[in-house]
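Engineer: Attaching a single structure in structure tokens format; questions to follow.
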Amino acid sequence: MDLSKYSAAARLRDGTPLQLRAIRPDDKQRLLDGFHRLSGRSVYFRFMGARHELTPKDLKYFTEIDFRHHIAIVAALQDPSGEKPIGVGRLIEIQGGAGERIADIAFAVEDKYQSLGAGTVLFEHIVRIARSEGFSRMLADVHTNNHRMLDIFRHSGFDIDSQVESGIEHIELDITRPGSRTTSHQPARETHHD
């Protein structure tokens, strides 16, 4: 499958149609506009710190991707003025080659759509793509106060290994099969950030 052409239809919990598609290089301004619509809290949760702007280098990194080791999809609404992106989900491979493929995952959804299931839809599509591409595990660092994101992982049906350190929950999902959702509290692993 050519993931750079990825497209799928979905719905928010309130029935609003949602279009999911591969991110494109021409999404730079849309991504920047969406970043400016995020609350300071949402920016903090996504980037694990305060951030006031995305640089041209950031925008290039986030939109000009290879769809092999770095995959990203946009969730967008359609309105009379055209497409309105409301969220992005991405995975970035941190281990691959002849062995097991493992990726970091991250999501950002505009605040007003966070309670409508946009994050869950993005997560489900990223997992579907990851499994089709041979990934077996996904890692995420989530602030312990980011209850919506933690709920998505905890209700995913996959086996979860979780450690908390300094207010960050380090989550590891085994996506090879649905599991029993186990949690452990071992010392935190080394973390990777995009």
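Engineer: Is it the case, given these coordinates, that Arg13 is buried (at least 16 other Cβ atoms within 10 Å of the Cβ), of a type outside the set (A, V, I, L, M) and more than 15 Å from the chain's Cα centre (by Cα)?
Structural biologist: no
Engineer: For the structure I just gave you, tell me whether Asp111 is modelled with pLDDT under 90, in contact with a helix residue (DSSP H, G or I) (Cβ under 8 Å, 6 or more places away or on another chain) and charged (D, E, K, R).
Structural biologist: yes
Engineer: For residues in region 57-98 being in a strand (DSSP E or B), in contact with a helix residue (DSSP H, G or I) (Cβ under 7 Å, 6 or more places away or on another chain) and not aliphatic (A, V, I, L, M), which is farthest from Pro17 (Cα to Cα)?
Structural biologist: In this case the residue turns out to be Gly89.
Engineer: Keeping to region 29-72, report how many residues are modelled with pLDDT of 75 or more and either within 25 Å of Arg101 (Cα to Cα) or of a type in the set (Asp, Glu) (or both).
Structural biologist: Residues that pass the stated criteria total 17.
Engineer: Here is a follow-up. How many residues does region 146-179 contain that are surrounded by 14 or more Cβ atoms within 10 Å (Cβ to Cβ), in contact (Cβ under 8 Å) with a residue 40 or more places away in the chain and farther than 22 Å from Gly117 by Cα?
Structural biologist: Number of matching residues: 1.
Engineer: Name the single residue, out of those in region 105-140 being part of a helix (DSSP H, G or I) and β-branched (Val, Ile, Thr), that is farthest from Ile73 (Cα to Cα).
Structural biologist: Restricting to residues being part of a helix (DSSP H, G or I) and β-branched (Val, Ile, Thr), the top hit is Thr120.
Engineer: Considering only region 137-155, I want to know if a residue exists there that is over 15 Å from the mean Cα position of the chain (by Cα), modelled with pLDDT of 90 or more and not polar (S, T, N, Q).
Structural biologist: No, every residue in region 137-155 fails to be over 15 Å from the mean Cα position of the chain (by Cα), modelled with pLDDT of 90 or more and not polar (S, T, N, Q).
Engineer: Tally the residues that are buried (at least 19 other Cβ atoms within 10 Å of the Cβ), more than 15 Å from Val88 (Cα to Cα) and not hydrophobic (A, V, I, L, M, F, W, C), restricting the search to region 110-145.
Structural biologist: 1
Engineer: So, one more: Identify, from the list Asp104, Asp66, Asp79, the residue that is in contact (Cβ under 8 Å) with a residue 40 or more places away in the chain and of a type in the set (Asp, Glu).
Structural biologist: Asp104
The values are calculated or read from the model by the stated rules, or taken from the named source; none is laboratory data. Predicted model, so just to flag it, every value in this text is computed and none were measured. In this analysis, Cβ positions are derived from the backbone assuming ideal geometry, glycine residues included, and neighbour counts consider all displayed protein chains.
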